[in-house]
Amino acid sequence: MDTDKLFELAAPFLEKNDFGMAHTARVFTIAKENFLIEKEIEDLTFASIILHDIGGSTIREQYEKGPTIASELLKKLACPTSLVKHVRQIVGTHHDHPDNPSESFRILYDSDKIVMFSKEEYPYYNARAGFDWAKIIALIYSKKGRRLAQKMLKQRRKEQWPIQKCFRACMLAKV
């Protein structure tokens, strides 16, 4: 499968989402760099990653519109019906956390959670009151993915420390 062409076809839909096409590219890179993707599931895994947020910004939109849009785009690339069917299923459930998912689902799911710890996305989630990073880490299926998320979280907090220190110093100076 031509993933560059699929990215190109998906771009107009993905740009409408909160993090845009860049989010999908980050998830794709995380998967490629951190998970062993067997040749026989490569097309399914990569197509699912590229199309996972295709339906819109909300989970509801992604689940309701995503599978249909994914089908249309994959058919433009003349993908086999079985691949289209499996991608539709993953796109329509990718926020769920089933007990025994396929390897392609697991790779997408873990990569989509790990991206939350990226420099680009961490501030968005960290600004939410009471956001529980430990809960996100616990949801990651793979041990390697959990370790990577913990390492990234430690790095984000380390980067954040000088800002917090400066903020406290400025607040004390005003007192």
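Values quoted throughout were computed directly from the atomic coordinates according to the rules given, and no laboratory measurement underlies them. This structure is a prediction, so every number in the text was calculated from the model and none was measured. When we count neighbours, we look across all protein chains shown, and the Cβ atoms used for this are built from the backbone with ideal geometry, even at glycine.
Assorted remarks:
- Cα-based helix-to-principal-axis angle, 143-174 vs the chain, degrees rounded to 10: 30
- Taking SER104, SER82 and counting other C-beta atoms within 10 Å, the order from fewest to most: SER82, SER104
- Only Lys, Arg, Asp and Glu carry charge here, each on its Cβ (+1 for the first two, -1 for the last two); on that basis the chain has a dipole of about 1080 debye about its Cα centre.
- Under the simplified labelling scheme, the ALA134-LYS119 pair shows an inter-label distance of 2.9 nm, with each label point 7 Å from Cα along Cα→Cβ.
- For GLU64 and LYS158, a Förster radius of 45 Å and the Cβ-Cβ distance give a FRET efficiency of 0.65, rounded to the nearest 0.05.
- Prolate/oblate/rounded label for the chain (Cα gyration tensor, a/c 1.5): prolate
- About its Cα centre, the dipole of segment 34-114 is roughly 300 debye, where the only charges are +1 on Lys and Arg Cβ and -1 on Asp and Glu Cβ.
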